[in-house]
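Working notes for the structure below.
The values are calculated or read from the model by the stated rules, or taken from the named source; none is laboratory data. From a predicted model like this one, the values you see are computed outputs, not experimental measurements. Don't worry about glycine lacking a Cβ; one is built from the backbone with ideal geometry, like all the others, and counts go over all protein chains shown. SASA here: full protein model, heavy atoms, side chains in, ligands and nucleic acids out. Shrake-Rupley method; radii C 1.70, N 1.55, O 1.52, S 1.80 Å.
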Amino acid sequence: MDVMPKWADVVLVPLFSLILAALLSALLILAIGESPTEAFMLMIEGTLFRSAGWGYMLYYATNFIFTGLAVSVAFHASLFNIGGEGQAMMGGLGVGLVCLFIPWPHWSLAIIGASMGAAIFGMIWAGLPAYLQAKRGSHIVITTIMFNFIAAGVLNFFLVGPLKPAGSMAPATANFPTATHLPTFEDMAQLFGIEKMFRSAPANVSFFIALLACVGVWYLIWRSPLGYEIRAFGKSGPAARYAGVGSVKIIMITMMISGALCGMMAINTTQGESERLILNFTEGAGFIGIAVALMGRSHPLGVLLAALLFGFLYQGGAELALWTKIPRELIVVIQALVILFTGALTMMVRAPLEQLFLALRRP
Amino acid sequence: MDFLTIIQVFDGTLRLAAPLLLVCLAGLFSERSGIFDIGLEGKLLAAAFLSAAVAFVSGSVWIGLLAGIGVSVGLSALHGLASITMRGDQIVSGVAINFLAAGLTVVVAQAWFGEGGRTPALKSGARFEPIIFPGAVPSKEMADVGPFMQLYSELLSGHTLLVYAALLTVPLSWFVLYKTRFGLRLRAAGENPAAVDTAGISVVGLRYAAVVIAGILCGIAGAYIATSLQANFVKDMSAGRGYIALAALIFAKWRPWYALGACLLFGFLFAVDNRFQNILLPAWSLSGGLLLMALALTGYVWRKDLLDKFVLGGLAVGLAFISALIVVNVWGVGMGNQIKVPVVFIQSLPYILTVLVLAGFVGKAIPPRSGGVPYVKEK
């Protein structure tokens, strides 16, 4: 099957998928009576020509890096973690409890505590479906979907019940103490004496934690014995078993790492942006992780680039909704097309490319 | 609680179970032929939108229904193209279809009607009207008639055509799947496609047929929620019903009559949730029930290995902890005090039950053996 060189497989297939998705979206924009080129220019201007646009883009990208890495790690073990949404919600609960009930002296300590809270809660929420898959053979896709709904119920219970401050109507916790405030990019720019950069954009230091997570996942998957076992198990369960790699162990550990990564998304949204725990703070990021992981070919570098791309799309989509009649949901359509072309219709995307390379090779 | 209230809850059960049932049977056909379908939700949503939009524009609910079925079958064909012809990942394809529907419905609705992603309210003629059986009394006089008349007028009469159609689909599906040659072959395609192929029957054809049937049923269900249950389309109106139907399908162990039972049970939970905002139970029963569950779990894992002890034991500790919390909370007023069961618990019950079934604690659910695996013909 080595018709294409490796670089073409890694670079051209996602790129070609993206172009197809963009063309179809342009047709959709035309169909609803707007100009695709104007829309595209508006997205570029609103995102890349303003520092605040960058701030929003990196904020969204931070979420998508975490969830994208989570889905990728599971993909390496041939597991489909569709429960990122639920794991992120539980992660948010962890962040909320840690920030509200522990008196942190400084944000640098608070972010370590919040990360651990988020990771542990996400880990538990991914660990239960993993246990059911490993020991009882329940299909992980279905159980993680069910756990998304149960997580929404649990979060709802806490936000309309025990964690809601007295006298408040909104389903949200009290504001976190100011000591837990994470420095935003605006704060950091001011530290270097640059005023009016990233003004009121929500991007914050969790972006760097996301970058660290990328390096960590790269090391885990390609440089550690555990990563080797995970990949071996993903390629062939029986073969890995023959080599002494237990399926129960790999399923449990992989899913728990995946859940922890999803949960850590919440430090960006909950501690970094809203500074209190709210309903629907995940905004579908758990599902976008699927698109990001597929687009990034489950490699941390690819995930980083795909997350930046989706961050751009989300910020650009907000700009479109603000200035044109195109609703934000256009981005959901693009996301669906990306998932379709990179995940389900890869054969269709690859076939013409393979033909091309075959034709080039012949003479 | 009087008899009429019970009848009304059952009436609500039927109305809420009907779309679940149609979608569940859609999933049944698809999965029995070996094609997993996470995209039921998306098809339901797309059908709901287009049926409402076309019914509004044309003024005829029947044209709306056809449009709903059309778009749903179209998405099914896409799923078939991706997962049967292109042998792509069926779950990824389903996820993509869900997003496609979630995004497209709002974008198109906004461009078409400009009402923030919804359609205008449907007038009579553009929606399905309730069918009143002969002799049924209107709801105003319901309290004055006898129990049999209440049963007849409230529970049996007064539903829209699609509710009765949904109920009739159950025996029909059973007949098609278990009593016809097509059904036998379809089920075989999901269990052992190579055997079907050896017998000279096209696996691809069978699977496409199953996927198209699923599309038709999802289309009817979508039209039902937008033109019968409600009288317009609103953003995300399928509200996870596609996933609940998937849960019901597992609960029903991929069998049509069980599917009826599962959908009625889940519909009942929703009807109870709609009807009673406060479900009160005495504190001792709640806390005692949780403690019993914790003890049962502890007993179960006693002879299991370390991981079982860790996970299920942890679950038992969690349950015991909640039970203790309840005791602490009502200590001052006594254990007979009434406690409100959280609404979200009733809402989450279908998912929790499904997880329990999947886990094999309540009967074993065995999926079709070749489900999710694309069939590659030998050359």
Using only Cα atoms, locate the centre of the range A:130-157 and the centre of the range B:3-24, then give the distance between them in Å, rounded to an integer. 26
Apply the a/c threshold of 1.5 to the C-alpha gyration tensor of the range B:3-275 and tell me whether it is rounded, prolate or oblate. oblate
Dipole of the range A:1-154, positive direction: furthest Cα of A:51, A:107, A:94, with charges on the beta-carbon: A:94
Charge dipole magnitude, Cβ of K and R +1, D and E -1 - chain A, Cα centre, debye nearest 20: 1020
Exercise: per-residue mean of other protein chain Cβ atoms within 10 Å, A:319-328: 2
Compare the Cα positions of A:121, B:80, A:269 along the charge dipole of the protein assembly as shown (+1 at Cβ of Lys, Arg; -1 at Cβ of Asp, Glu; about the Cα centre) and return the one farthest towards the positive end. B:80
Please work out how much length the chain gains when fully extended from residue B:164 to residue B:148, using 0.36 nm per residue of separation minus the C-alpha to C-alpha distance, in nm with one decimal. 3.8 nm
Ranking A:192, A:149 from most to least accessible area with a 1.4 Å probe gives A:192, A:149
How large a share of the accessible area of chain A, in percent, is made up of carbon and sulfur atoms when the probe is 1.4 Å and the other protein chains stay in place? 69
Short version: which residues of the range A:121-156 lose at least 50 Å² of accessible area, all chains versus chain alone, 1.4 Å probe? A:131, A:135, A:136, A:142, A:146, A:149, A:150
The range B:279-341, accessible area per residue, ligands and nucleic acids excluded (1.4 Å, Å²): 66
Ordered by number, the residues of the range B:77-118 that have at least 40 Å² less accessible area in the complete protein assembly than on their own chain alone (1.4 Å probe) are B:86, B:91, B:92, B:95, B:96, B:99, B:100, B:107
So how exposed is residue A:191, as accessible area in Å² (1.4 Å probe, rounded to 10)? 150
Quick one: go through the range A:43-69 and flag any residue whose amide nitrogen is under 13 Å from the point 7 Å out along the Cα-to-Cβ line of residue B:310. none
Portion, in percent, of the accessible area of chain B that falls on carbon or sulfur, probe 1.4 Å: 68
Where Lys and Arg each count +1 and Asp and Glu each count -1, what net charge lies around residue B:188 among other residues with Cβ under 11 Å from its Cβ? +3
Summing -39500 (n - 2.57) over every DSSP H run of at least 4 in chain B, dividing by its residue total and rounding to the nearest 500, the 222 nm mean residue ellipticity is -22000 deg cm²/dmol
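Taking the Cα centre of chain B as the origin, how large is its charge dipole in debye, to the nearest 20, when only Lys and Arg (+1) and Asp and Glu (-1) carry charge on their Cβ atoms?
Magnitude of the dipole: close to 860 debye.
Given 0.36 nm per residue, what is the gain on full extension from residue B:230 to residue B:182 after removing their alpha carbon distance, in nm?
So the chain would gain 13.7 nm between residue B:230 and residue B:182.
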Whole-Å distance, taken between Cα centres, linking the range B:50-90 and the range B:164-186: 22
Reduction of at least 40 Å² in accessible surface, 1.4 Å probe, comparing all protein chains with the chain by itself, residues of the range B:316-357: B:344, B:351, B:355
Sparse-neighbourhood loop sites, chymotrypsin sites (Phe, Trp or Tyr not before Pro) in the range B:233-319 - DSSP loop, at most 14 other Cβ within 10 angstrom: B:302
Mind jotting down the distance between the C-alpha centroids of the range A:181-254 and the range A:301-363, whole Å? 23
Under the rule rounded for a/c under 1.5, else prolate if a/b exceeds b/c, else oblate, using alpha carbon gyration tensor axes a ≥ b ≥ c, the range A:232-275 is classed as prolate
Based on the mean of other Cβ atoms within 10 Å per residue, sort peptides A:116-128, B:83-95 so the most packed one is first. A:116-128, B:83-95
Determine the sum of side-chain charges near residue B:61: Lys and Arg each +1, Asp and Glu each -1, restricted to other residues whose C-beta is under 13 angstrom from that of residue B:61. +1
Show me the chymotrypsin sites (Phe, Trp or Tyr not before Pro) within the range A:1-106 that DSSP assigns to loop and that have at most 10 other Cβ atoms within 10 Å of their Cβ. A:49
What helix-only [θ] at 222 nm does chain A give? Using -39500 (n - 2.57) per DSSP H run of at least 4, over all residues, to the nearest 500, the answer is -23000 deg cm²/dmol
Inter-site label distance for residue A:208 and residue B:3 at 7 Å from Cα along Cβ, in nm: 7.4
Please give the net charge around residue A:248, taking every other residue with its beta carbon less than 12 angstrom from that of residue A:248, where Lys and Arg add +1 and Asp and Glu add -1. +2
If you roll a 1.4 Å probe over the heavy atoms of the protein chains, what accessible area per residue do you get for the range A:168-265, in Å²? 52
Determine the relative contact order of the range B:279-341: mean sequence separation of Cα pairs under 8 Å and six or more apart, normalised by residue count, in whole percent. 58
Expressed in nanometres to one decimal, the distance between label points 7 Å along Cα→Cβ at residue B:356 and residue B:123 is 5.0
Evaluate E = 1/(1 + (r/R0)^6) for residue A:199 and residue A:41, where r is the Cβ-Cβ distance and R0 equals 30 Å; express this FRET efficiency to the nearest 0.05. 0.85
If R₀ is 41 angstrom, what is the calculated FRET efficiency for the pair residue A:23 and residue B:345, using the beta carbon separation as r and rounding to 0.05? 0.30
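Cβ neighbours within 10 Å, averaged per peptide: list B:8-17, B:343-352 in order, most packed at the top.
Ranked from most to least packed, the peptides come out as B:8-17, B:343-352.
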Buried accessible area between A and B (1.4 Å probe, both chains summed, ligands and nucleic acids excluded), in Å² to the nearest 100? 4000
Length released on extending from residue B:239 to residue B:325, taking residue separation times 0.36 nm less the Cα-Cα span: 27.7 nm
How would A:178, A:346 rank on accessible area, largest to smallest, probe 1.4 Å? A:178, A:346
What shape does the protein assembly as shown have by the C-alpha gyration tensor, where a ≥ b ≥ c are the square roots of the eigenvalues, rounded means a/c under 1.5, and otherwise prolate means a/b greater than b/c and oblate the rest? rounded
